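The block underneath contains the structure these notes are about, expressed in structure tokens.
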Amino acid sequence: MKQYLLSVQMVEGGPVPSTETMETAYRDVNVLNSELQAAGAWVFAGGLHPAHTATVVRVKDGEVLTTDGPFAEGKEHIGGFWVITSPDLEAALAWATKATQACGQPVEVRPFQEEAGD
């Protein structure tokens with residue numbers, strides 16, 4: 001089976017959800033996580049701190065440089081993710097539909113590259 005990244009897209013500076021909305025999302029995401037685990041599709045998942053907490057590491061002319069903030073300048077960043085196994089894109093998209101309903105944010109689906117011998 002292939003692995004897919006389901007990434008939750010967050011918009012920086014957007015309206016802050018109410019406490020009730022966040023509690024509902026956390027509950028619904030926990031239900032989804034249980035469904036993924038029961039179906040054998042769960043690999044790993046996690047929520048991320050805001051993009052401004054990121055540190056970017058790069059090497060330039062043999063020197064390691066670190067900078068604060070996200071790599072890409074923009075208002076949209078990954079807020080969380082799931083790594084799942086799925087027989088095909090159609091099934092991964094079905095999980096993403098449940099994910100976007102659970103967390104209330106857009107979810108991008110991307111397949112992992114095939115490993116040699118797969």
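Laboratory data are not the source of any read-out in this text; all were calculated from the coordinates shown. Here the structure is a predicted model, which means the values were calculated and not measured. As a convention, Cβ positions derive from the backbone with ideal geometry for all residues, glycine included, and neighbour counts pool all protein chains shown.
Enumerate the amide H contacts of Ala54 below 5 Å, restricted to partners 5 or more residues apart or on another chain; note that Pro and chain-start residues carry no placed amide H.
Gly69
Based only on other Cβ atoms within 10 Å, what is the fewest-to-most ordering of Thr21, Thr100? All intermediate terms of the calculation are to be shown ahead of the outcome.
Working: Thr21 12, Thr100 16.
By the 10 Å Cβ count, ascending, the order reads Thr21, Thr100.
Please give the residues of the stretch 80-118, grouped as numeric ranges, whose backbone N is less than 12 Å from a label point set 7 Å along the Cα-to-Cβ vector of Ala39.
The answer is 84-100, whose backbone nitrogens lie closer than 12 Å to the label point.
Given R₀ = 30 Å, FRET efficiency for Glu23-Arg58 by Cβ-Cβ distance, to 0.05?
0.20
Which one, Pro15, Leu89, Ala41, is farthest towards the positive end of the dipole of the chain when Lys and Arg carry +1 and Asp and Glu -1 on their Cβ?
Selected residue: Pro15.
Which order results if His52, His77 are arranged by neighbouring Cβ count within 10 Å, fewest first?
Ranking His52, His77 by Cβ neighbours within 10 Å, fewest first, gives His52, His77.
If you compute log10 I(q)/I(0) by the Debye sum over Cα atoms at q = 0.14, 0.16, 0.20, 0.22 Å⁻¹ for the structure shown, which of [x] -0.85, -0.92, -1.05, -1.14; [y] -0.48, -0.64, -1.05, -1.31; [z] -0.69, -0.85, -1.11, -1.22 do you land on?
[z]
In which sequence would Lys75, Lys2 go, from the one with the fewest C-beta neighbours within 10 Å to the one with the most? Please list the in-between numbers first.
Details: Lys75 10, Lys2 16.
Fewest-to-most ranking of Lys75, Lys2: Lys75, Lys2.
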